[in-house]
1. Can you find, within region 80-98, the residue that is most open to solvent (accessible area, probe 1.4 Å) among those that are farther than 19 Å from residue 2 by Cβ and under 12 Å from the mean Cα position of the chain (by Cα)?
2. Filter region 103-123 down to the residues that are on the phi < 0 side of the Ramachandran plot and in a loop (DSSP other than H, G, I, E, B), then identify the one that is surrounded by the fewest Cβ atoms within 10 Å (Cβ to Cβ).
3. Only residues in region 90-105 that are more than 16 Å from residue 28 (Cβ to Cβ) count as the first member; pair them with residues that are assigned to a strand (DSSP E or B) and of a type in the set (S, T, N, Q), Cβ under 6 angstrom, at least 6 apart or cross-chain, and list the lot.
4. Are any of the residues in region 21-34 touching a residue at least 24 places away in the same chain (Cβ under 8 Å), more than 12 Å from the chain's Cα centre (by Cα), under 19 Å from residue 81 (Cα atoms) and outside any strand (DSSP E or B)?
5. Tell me which residues, restricted to region 7-17, are open to solvent by less than 30 Å² (accessible area, probe 1.4 Å) and outside any loop (DSSP other than H, G, I, E, B).
Amino acid sequence: QVQLVESGGGLVQPGGSLRLSCAASGIVFSIYAMGWYRQAPGKQRELVAAITSGGTTNYADFVKGRFTISRDNAKNTVYLQMNSLKPEDTAVYYCNADFRIEVGGVDRAFDYWGQGTQVTVSS
């Protein structure tokens with residue numbers, strides 16, 4: 001059974017920092033691309049940051065220079081270090097694991113989500 005368990009969310013003042021963690025089980029973590037998404041009330045879920053199995057990172061423009069995604073394959077964990085937080089960063093943050101492979105000419109996708117962790121930035 002695949003599980004992605006996020007932790008580290010909470011209430012923080014503007015300008016503060018939080019570090020989110022996502023511990024994965026039930027998958028071969030090292031071959032998966034991992035991502036952090038967020039969803040604010042009334043808005044669609046959006047990509048925040050992603051990291052490939054090889055360690056290449058990608059960030060949404062609205063977090064560049066403030067957030068850092070990293071992974072520890074030995075611990076089956078992906079992290080999101082969030083600095084200089086703004087009220088508009090308030091959202092539920094979700095961890096995603098994604099693996100795609102072509103088998104016999106057919107593309108197969110393995111896509112899993114965590115339950116989410118609330119991040120609230122407010123004074």
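1. Of region 80-98, the ones farther than 19 Å from residue 2 by Cβ are 80-92.
Right, trim to under 12 Å from the mean Cα position of the chain (by Cα) and you get 80-82, 92.
Details: 80: 0, 81: 61, 82: 0, 92: 36 Å².
Taking the candidates together, the pick is 81.
2. Ranking the candidates gives 123 first.
3. These pairs meet every condition: 90/120; 91/39; 92/39; 92/118; 93/117.
4. No, every residue in region 21-34 fails to be touching a residue at least 24 places away in the same chain (Cβ under 8 Å), more than 12 Å from the chain's Cα centre (by Cα), under 19 Å from residue 81 (Cα atoms) and outside any strand (DSSP E or B).
5. 10, 12
The values are calculated or read from the model by the stated rules, or taken from the named source; none is laboratory data. Note that the coordinates shown come from a computational prediction; the quantities given were computed from them, not determined experimentally. Cβ: placed from backbone, ideal geometry, glycine included. Neighbour counts: every protein chain shown. SASA here: full protein model, heavy atoms, side chains in, ligands and nucleic acids out. Shrake-Rupley method; radii C 1.70, N 1.55, O 1.52, S 1.80 Å.
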